[in-house]
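Undergrad: Dropping a structure here in structure tokens format, bear with me for questions.
Here, each number is a calculation from the coordinates, and none is a lab measurement. Small disclaimer: the values here were computed from a predicted structure and weren't measured. Heads up, the Cβs are rebuilt from the backbone with ideal geometry, glycines too, and the neighbour counts pull from every protein chain shown.
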Amino acid sequence: MTFTLPSLPFAPGALAGRGMCQETLELHHGKHHQAYVTALNGLVEKNEALKGKSLEDIIRMSHGREELVPVFNNAGQHWNHSLFWNSLSATGGAIPGNLEKKLVSDFGSVEKFKETFKAAALGQFGSGWAWLVLASDGRLKVTKTGNAGTPLATGDGKALLVVDVWEHAYYVDFRNRRADFVDNFLAKLANFEFAAAQLAAA
Ligand code: MN3
């Protein structure tokens, strides 16, 4: 299987004025994400055991295997970024009723969820990701992963929403201010409609 860069689910300029300019998206999607896809295809081409496997299979197969670290890193980054584009919206920030009810039930309040999510995003030392997941006990949880880490590999819940906290995600719009980027993500960019749909389908 040859992997391809998914199209953005919005125009590259659609989030300008909401804290993610077109230049950020052209670099992040068109250069960074494309580079992971290209590298993954090159690695799969050289490894018979990986040919024809789905992205999810490749992530699970390569996780924790020293000789497959580059495969895991590029496959994980491809999967994580694909979810990240769906976690953004030009009408982001509004939380649908069914998801709000579940957030209140599992975190105590929407504000408490946002605090927890922000703390995970800021607490990830260096590059990585902060996640809203549906854990196997049926509760919503916030988790974080380093580098290309993903709950898909660890079985740490079904991913509903993710924010990229690699510097390339925010440096053009927010310079070094990760906290401002995360606040803006939660208020203006987070596609909670998508997260609610993922929850409903789980
Ligand atoms: Mn990224």
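Undergrad: For residues that are of a type in the set (Lys, Arg) and either in a helix (DSSP H, G or I) or surrounded by 20 or more Cβ atoms within 10 Å (Cβ to Cβ) (or both), tally how many sit in the range 59-86.
TA: 1
Undergrad: Among the candidates GLY155, GLY138, which residue alone is of a type outside the set (Lys, Arg) and under 22 Å from ARG65 (Cα atoms)?
TA: Step by step, each of GLY155, GLY138 is checked, and only GLY155 is of a type outside the set (Lys, Arg) and under 22 Å from ARG65 (Cα atoms).
Undergrad: Shifting gears a bit: All but one of (1) more than 16 Å from the ligand (Cβ to nearest atom); (2) aliphatic (A, V, I, L, M); (3) part of a loop (DSSP other than H, G, I, E, B) hold for VAL133; which doesn't?
TA: Evaluating VAL133 over (1) more than 16 Å from the ligand (Cβ to nearest atom); (2) aliphatic (A, V, I, L, M); (3) part of a loop (DSSP other than H, G, I, E, B) leaves (3) as the failure.
Undergrad: Residues LYS53, LYS46, LYS112: which one is out of contact with any His (no Cβ under 9 Å at 6 or more places or on another chain), within 20 Å of LEU152 (Cα to Cα) and of a type in the set (Lys, Arg)?
TA: From the options LYS53, LYS46, LYS112, the qualifying one is LYS53.
Undergrad: Something else: Take the conditions under 18 Å from ASP183 (Cα atoms), free of Cβ contacts under 8 Å to residues at least 40 places away in the same chain and in contact with a helix residue (DSSP H, G or I) (Cβ under 8 Å, 6 or more places away or on another chain) and apply them to LYS114. Does it pass?
TA: no
Undergrad: Could you please find all residues in the range 5-54 being aliphatic (A, V, I, L, M), part of a helix (DSSP H, G or I) and within 16 Å of the ligand (Cβ to nearest atom)?
TA: Answer for the range 5-54, where residues must be aliphatic (A, V, I, L, M), part of a helix (DSSP H, G or I) and within 16 Å of the ligand (Cβ to nearest atom): LEU25, LEU27, ALA35, VAL37, ALA39, LEU40.
Undergrad: Quick check on the range 87-98: of everything there that is among the hydrophobic types (A, V, I, L, M, F, W, C) and in a loop (DSSP other than H, G, I, E, B), which residue is surrounded by the most Cβ atoms within 10 Å (Cβ to Cβ)?
TA: Residue satisfying both the conditions and the ranking: ILE95.
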